[in-house]
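The values are calculated or read from the model by the stated rules, or taken from the named source; none is laboratory data. None of the values given here were measured: they were computed from a predicted structure. When we count neighbours, we look across all protein chains shown, and the Cβ atoms used for this are built from the backbone with ideal geometry, even at glycine.
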């Protein structure tokens with residue numbers, strides 16, 4: 001449901017994303033090209049290694065929330081279908097990440 005944006009898991013530019021604690025691989029995200037990729041290698045256009053920050057935040061005890069800021073392409077719904085999503089040029093984004101069992105999950109907003 002996360003990957004499809006169903007069940008309320010996509011609200012304008014708000015969407016959750018999750019990755020394995022063990023290997024950092026994305027398991028759920030609206031940025032489908034990232035599924036299966038290691039979050040730890042992600043850098044924004046300025047060179048900031050925000051993927052490492054997200055991963056580190058998910059290593060903390062369950063329930064502890066870490067805020068990470070970075071640049072990322074903003075998703076925009078395709079107005080012709082309403083289902084397809086395209087991404088704009090990178091914008092300032094803030095994500096909140098936490099650990100849930102053996103998964104790191106986050107949700108963020110664009111400034």
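If you check residue 97 against the conditions, is it within 10 Å of the chain's Cα centre (by Cα), modelled with pLDDT of 95 or more and surrounded by 13 or more Cβ atoms within 10 Å (Cβ to Cβ)? Yes: the conditions hold for residue 97. All but one of (1) farther than 12 Å from residue 106 by Cβ; (2) at pLDDT 75 or above; (3) crowded, with 16+ Cβ neighbours inside 10 Å; (4) over 12 Å from the mean Cα position of the chain (by Cα) hold for residue 5; state the number of the condition that does not hold. Unmet condition: (2).
For segment 33-46, a residue qualifies if it is in contact with a strand residue (DSSP E or B) (Cβ under 7 Å, 6 or more places away or on another chain) and not in a loop (DSSP other than H, G, I, E, B), and the qualifying residues are 34, 38, 39.
Which of the residues spanning segment 47-58 are in a loop (DSSP other than H, G, I, E, B) and either out of contact with any strand residue (DSSP E or B) (no Cβ under 6 Å at 6 or more places or on another chain) or touching a residue at least 60 places away in the same chain (Cβ under 8 Å) (or both)?
Of all residues in segment 47-58, those in a loop (DSSP other than H, G, I, E, B) come to 47-49.
Hits for segment 47-58 are 47, 49.
When 30, 64, 83 are checked against the criterion of being out of contact with any helix residue (DSSP H, G or I) (no Cβ under 7 Å at 6 or more places or on another chain), at pLDDT 95 or above and part of a loop (DSSP other than H, G, I, E, B), a single residue qualifies: 64.
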